[in-house]
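The values are calculated or read from the model by the stated rules, or taken from the named source; none is laboratory data. Just so it is clear, the structure is predicted and the values come from calculations on it, not from any experiment. Because the Cβ atoms are built from the backbone with ideal geometry, glycine has one as well, and the counts that use them run over all protein chains shown. Protein only, heavy atoms only, side chains kept; ligands, DNA and RNA dropped before computing areas. Shrake-Rupley method; radii C 1.70, N 1.55, O 1.52, S 1.80 Å.
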Amino acid sequence: MALYALRRLLNAIPILLGITIISFAIIHMAPGSPLSAFLEDPTIKAVDKENMIKAFGLDKPLYVQYWDWLTGMMRGDFGTSFLKSDPVSDLILDRLPTTLLLTVSSFVLAMMIAIPLGIACALRANSRLDQFVTAISNIGISIPGFWLGLVLMMLFAVKLGWLPSGGLQTINMPFSIGDRIMHLILPVCTMAAAEIAIWTRYIRSSMLEVIHQDYMRTAKAKGLLDGRVITVHGLRNALMPIVTLFGLMLPSFFGGALIIETIFSIPGIGRLFIEAAFQRDYPIIFAITTVGAFLTVLGSIIADVLYAALDPRVSIDQKGAKV
């Protein structure tokens with residue numbers, strides 16, 4: 001299985017290279033320069049401007065700039081930020097824990113709500129509960145995350161004053177777990193809303209297919225409790241198709257952080273990317289885009305491996321193919 005995952009990752013290298021080439025080309029097709037603010041400043045001497053351009057390698061042909069960045073990335077060096085003058089790797093690693101805290105918290109909250117809701121709707125299909133949850137799920141999928149975040153902020157932070165409107169901690173206050181939780185409630189709930197709606201629908205649909213299978217009736221005929229039949233025999237089999245969805249949604253968790261972190265002023269990777277995009281800080285944009293592409297490939301591999309681990313009928317042969 002480990003060999004299969006490695007082969008999948010090696011096969012994805014041309015795709016990752018293609019993504020980096022396309023991203024590099026698109027970003028450099030945009031008018032302007034990341035050093036425009038300095039180059040257009042009349043108080044800076046022409047010699048200093050030329051030295052600045054050479055220092056960042058912007059005087060080289062595009063293919064040379066791309067090769068320098070690619071070879072550096074293979075060594076773990078994503079370059080230096082044009083505007084912050086710090087290594088891009090340090091900037092990403094510094095903000096990674098914040099993004100992980102936000103995404104993992106929202107995912108855990110979504111699963112805690114979506115799994116029991118999806119099971120309940122499947123067991124009571126076409127009931128009032130099922131119809132109500134389905135309607136709410138459709139609304140949750142349709143509502144844009146940025147709009148929901150602003151509505152929650154206006155209601156609970158501005159009007160009611162129950163929760164802080166943004167950031168990770170109160171200004172000029174020492175760190176405390178309670179304060180951190182208060183600051184995470186709104187962004188986590190905003191990010192989890194769409195996830196709850198999506199996962200509830202998929203879990204309901206998958207459970208509906210499982211509860212009518214012969215092995216479920218056999219388990220009940222043996223005298224097992226309904227709760228054990230649902231959780232042990234039903235849920236495990238229902239989660240198998242959901243695993244594929246989880247792998248494909250892995251990069252979307254990262255993408256959702258772009259909007260949520262910007263709205264709630266959370267200093268994570270998403271906000272770093274938005275700031276870099278507006279400031280044309282190419283090294284940061286390249287690095288985060290590459291990380292997102294890698295997460296997409298990694299999510300697909302994780303989905304395949306987990307699917308084989310959950311379903312004993314699925315195995316990986318020696319040639320690396322699922323059978």
Here are some conditions: (1) touching a Pro at 6+ places or on another chain (Cβ under 6 Å); (2) at positive phi. V88 meets all but one. Which one does it not meet?
(2)
Filter segment 241-295 down to the residues that are within 11 Å of the chain's Cα centre (by Cα) and within 14 Å of L91 (Cβ to Cβ), then identify the one that is modelled with the highest pLDDT.
I269
Which numbered condition in (1) exposed (fewer than 13 other Cβ atoms within 10 Å of the Cβ); (2) not charged (D, E, K, R); (3) not in a helix (DSSP H, G or I) is the only one that A125 fails?
(1)
Taking segment 1-52 and keeping only residues that are modelled with pLDDT of 70 or more, among the small types (G, A, S), surrounded by 13 or more Cβ atoms within 10 Å (Cβ to Cβ) and closer than 19 Å to D281 by Cβ, one is left with S23
Show the residue pairs that are 6+ apart or on different chains and have beta-carbon atoms under 8 Å apart, the first residue being within segment 106-135 and closer than 23 Å to V188 by Cα, the second being among the acidic types (D, E).
S106/E195; F107/E195; A110/E195; A114/E195
Out of the residues in segment 257-299 that are open to solvent by 40 Å² or more (accessible area, probe 1.4 Å) and outside any helix (DSSP H, G or I), which is farthest from F56 (Cα to Cα)?
S265
In segment 136-181, what count of residues is obtained for those that are under 22 Å from I196 (Cβ atoms) and part of a helix (DSSP H, G or I)?
21
Would you be able to tell me the number of residues in segment 53-105 that are within 24 Å of G166 (Cβ to Cβ), open to solvent by 30 Å² or more (accessible area, probe 1.4 Å) and outside any loop (DSSP other than H, G, I, E, B)?
9
Only residues in segment 149-169 that are within 13 Å of I260 (Cβ to Cβ) count as the first member; pair them with residues that are open to solvent by 60 Å² or more (accessible area, probe 1.4 Å) and assigned to a loop (DSSP other than H, G, I, E, B), Cβ under 8 angstrom, at least 6 apart or cross-chain, and list the lot.
M153/S165
Quick check, is L152 modelled with pLDDT of 85 or more and open to solvent by less than 70 Å² (accessible area, probe 1.4 Å)?
yes
